[in-house]
Amino acid sequence: MTRLPPALLLGCLALAAAAPARATSINRTIALKASVATACTVDVTDLGVALDVVAGETKRQVGSVVENCNDGKGYTITVNSANSGKLKSGKDTVSFTTLYDGTTGNGSGSVSVTRSKATFAKTAALAVTIPANAKTIAGSYSDTLTVTIKAK
């Protein structure tokens with residue numbers, strides 16, 4: 001075995017000590033994730049209006065709806081009449097048109113409104129128009145309107 005001269009050995013040690021230390025960098029990651037379910041609701045208030053089917057009604061507000069839907073693509077509100085746009089008293093009927101947030105229905109008691117984005121706490125009026133008819137048969141007339149919200 002060959003021995004190095006002590007001066008050379010000390011010089012190598014000094015050079016190694018003087019050289020900057022190389023730090024090793026290690027990166028690790030944490031993945032953040034979140035998920036939000038689609039939630040659409042309507043809160044419907046029946047105003048308890050007594051309609052005048054003899055004199056008729058024009059855009060008479062009968063209810064109020066608060067819409068909430070977090071779908072970014074929007075949603076559709078549909079109002080449907082149980083009796084296809086007719087107030088019924090036994091076999092006697094009185095036709096009406098449904099209006100929702102200013103949009104007039106199709107004459108069968110239904111109306112649909114499409115929203116193009118998520119909306120929260122949107123209040124909309126639900127109204128009906130009934131043509132005057134002095135020859136309406138006596139009776140208690142009724143129908144039920146159902147409000148549905150559906151995400152796109």
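Brief remarks on what is shown
- Of the residues T129, T119, T123, the single one that is in contact (Cβ under 8 Å) with a residue 24 or more places away in the chain, surrounded by fewer than 19 Cβ atoms within 10 Å (Cβ to Cβ), of a type in the set (S, T, N, Q) and under 20 Å from V53 (Cβ atoms) is T129.
- Qualifying residue in the range 31-54 (condition: within 14 Å of L99 (Cα to Cα) and surrounded by 13 or more Cβ atoms within 10 Å (Cβ to Cβ)): no
- Of the candidates D71, D92, the single residue that is among the acidic types (D, E), touching a residue at least 60 places away in the same chain (Cβ under 8 Å) and at negative phi is D71.
- Restricting the range 65-91 to residues that are surrounded by 15 or more Cβ atoms within 10 Å (Cβ to Cβ) and among the hydroxyl-bearing types (S, T, Y), the residue that is farthest from F120 (Cα to Cα): S89
- Unique residue being over 30 Å from A39 (Cβ atoms), polar (S, T, N, Q) and in contact with a Lys or Arg (Cβ under 6 Å, 6 or more places away or on another chain) when the list is S84, S95, S142, S89: S95
- Flag for G107 being surrounded by fewer than 19 Cβ atoms within 10 Å (Cβ to Cβ) and under 30 Å from S140 (Cβ atoms): yes
- Counted as qualifying within the range 27-100 are the strands (runs of 3 or more DSSP E) with 1 or more residues that are of a type in the set (G, A, S) and more than 28 Å from the chain's Cα centre (by Cα), namely 86-89, 92-95.
Every read-out reported here was derived from the displayed coordinates using simple, explicitly stated rules and does not represent laboratory data. These numbers come from a predicted model, not from an experiment. Glycine gets a Cβ as well: all are built from the backbone with ideal geometry, and neighbour counts include every protein chain shown.
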